[in-house]
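I have placed the structure first, in the form of structure tokens, so that the comments after it can refer back to it.
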Amino acid sequence: MKVKKYKGSTIQEVVNMVRRDLGPEALILSTRKIREGKMASSSRCEELFEISAAAEESSGDLKTPASDRSSLTSLKSELMTIKEMILLLSRSGHLMEAFRTNPAAIDIYVKLLRSGIAESNVQLFLEKAGVFKENGLEPTTRLYERVLKEILNAVDVEDPFNDGAGQKVAAFIGPTGVGKTTTIAKLAADLSLKQKRSVGLISIDNYRVGAAEQLKIYARLLGIPCFSAFSSADLQFALRRMGEKEIILIDTAGQSHYDMERMEEMHRLIGSTRAISSHLLLSAVTGEPEMGQVAKNFGILNFISYIFTKTDETKARGVIINQILRSRRPISFVTTGQRVPEDIFKATKTRILQLIFE
Ligand SMILES: Nc1nc2c(ncn2[C@@H]2O[C@H](COP(=O)(O)OP(=O)(O)OP(=O)(O)O)[C@@H](O)[C@H]2O)c(=O)[nH]1
Ligand SMILES: [Mg+2]
């Protein structure tokens, strides 16, 4: 692997130099602004852009040691190539003006974009972190820390079962197949087995054949009660029967967010009982802007937190941030796989960041 440094008076000029010399697949190790001249303070001191880039000696070259080749492969997943940089330059001309002040921010910009955070939000975070106002001589790590801090500020977290006072009744709502029943099973296991709290389950899913039975199987395994409720009266009855339980988890039927009739029906069933809090499950693999539409339409049920599921099925987990910025609500839990009870964690700001940028 050869690593070389290139200097020029504009980013575009340096990028072209790298492409000519190392080819379009060359990896950008760093982009920064430097001052060159006899005396740093003198007016003759010139401000230049410097790019450090790496490339294989020649493709398939037997002389390239195996260790070099494997380190290059791992770098490839992390770093931007010259080809990508050219694309970026052509796409966001106005942004490149901003990057003139701080070229090191290009790396951060690309990292955030790759995480699935929408371009407009990436710009917002960079602007808020003051990246475009700085003199460009600050180390990238400091800039990155400031951007991460801005992202952290956007994330709210809340554990609906944390506060010990009073009974907690939580309904889990969301589109079909997002993982409502599985998430309830994971939570019920954690709350009853690990935290030793008294838990009861209610299924109001009377649409899908075998839905209530699915929940009852989990309840039986955990040794906790489970009722089915088909009407408002049934639900009130079940809630009364479990009056002494500390926590009651309600499983609801998955439904299309465009079926407003069923949404109203669900509202009549759970929305009219003030003691029930709703939590919206969103699958991280739901495309955008559909995720926003799901949250908007389910908003009629006044959900108080998000639970993001299936985060193991995508690397673009920055969609979580996009959703929070579209409609700000705290995150309560995140699920990371199919295994019950392991694949779930309670949301904390740090864990959300790790999930997105790991
Ligand atoms: N990969 C992955 N799969 C998950 C996750 N959570 C749930 N699943 C799977 O998603 C499928 C649907 O899960 P359910 O819990 O039945 O979903 P639901 O929302 O209750 O579905 P309906 O009641 O039909 O609306 C099952 O195969 C689960 O194992 C997760 O975090 N990651
Ligand atoms: Mg279900």
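The values are calculated or read from the model by the stated rules, or taken from the named source; none is laboratory data. Remember, it's a predicted structure, so these values are computed and weren't measured experimentally. FYI the Cβ positions are ideal-geometry reconstructions off the backbone, even for glycines, and counts take in every protein chain you see.
Side notes on the structure shown:
- Yes/no for residue 149 being assigned by TED's automatic domain parsing to the domain that holds residue 307 and without any contact (Cβ under 8 Å) to a residue 40 or more places away in the chain: no
- Flag for residue 274 being farther than 29 Å from residue 339 by Cα, at pLDDT below 95 and either in a loop (DSSP other than H, G, I, E, B) or touching a Ser or Thr at 6+ places or on another chain (Cβ under 6 Å) (or both): yes
- The requirement of being under 11 Å from the mean Cα position of the chain (by Cα), under 19 Å from residue 157 (Cβ atoms) and within 16 Å of ligand 2 (Cβ to nearest atom) is not satisfied by residue 335.
- Qualifying residues in the range 54-86 (those that are under 15 Å from residue 1 (Cβ atoms), modelled with pLDDT of 70 or more and touching a Ser or Thr at 6+ places or on another chain (Cβ under 9 Å)) - the one surrounded by the most Cβ atoms within 10 Å (Cβ to Cβ): 56
- Some residue of the range 265-281 being more than 27 Å from residue 167 (Cβ to Cβ), buried (at least 19 other Cβ atoms within 10 Å of the Cβ), assigned by TED's automatic domain parsing to the domain that holds residue 205 and under 20 Å from the mean Cα position of the chain (by Cα): no
- Criterion violated by residue 14 - all others in (1) under 18 Å from residue 107 (Cβ atoms); (2) outside any strand (DSSP E or B); (3) modelled with pLDDT under 90 satisfied: (3)
- Note on the range 230-242: among residues that are assigned to a loop (DSSP other than H, G, I, E, B) and without any contact (Cβ under 8 Å) to a residue 40 or more places away in the chain, the one that is farthest from residue 271 (Cα to Cα) is 230.
- Count - residues of the range 158-196 that are within 16 Å of ligand 1 (Cβ to nearest atom) and basic (Lys, Arg): 2
- Of all residues making up the range 183-230, the number that are polar (S, T, N, Q), under 18 Å from residue 333 (Cβ atoms) and surrounded by fewer than 18 Cβ atoms within 10 Å (Cβ to Cβ): 1
- Just one of the listed residues (287, 292) is surrounded by fewer than 20 Cβ atoms within 10 Å (Cβ to Cβ) and assigned to a helix (DSSP H, G or I), and it is 292.
- When residues of the range 338-352 are limited to those that are within 15 Å of the chain's Cα centre (by Cα) and part of a loop (DSSP other than H, G, I, E, B), the one farthest from ligand 1 (Cβ to nearest atom): 348
- Which numbered condition residue 317 misses (of (1) surrounded by fewer than 16 Cβ atoms within 10 Å (Cβ to Cβ); (2) assigned to a loop (DSSP other than H, G, I, E, B)): (1)
- Subset tally (residues that are surrounded by fewer than 17 Cβ atoms within 10 Å (Cβ to Cβ) and not in a loop (DSSP other than H, G, I, E, B)) for the range 158-182: 0
- Yes/no for residue 345 being more than 16 Å from ligand 2 (Cβ to nearest atom) and free of Cβ contacts under 8 Å to residues at least 40 places away in the same chain: yes
- Some residue of the range 189-208 being assigned to a helix (DSSP H, G or I), basic (Lys, Arg) and in the same structural domain as residue 262 (by TED's automatic domain parsing): yes
- Options 276, 307, 321; residue that is in contact with a helix residue (DSSP H, G or I) (Cβ under 9 Å, 6 or more places away or on another chain) and farther than 21 Å from residue 352 by Cα: 276
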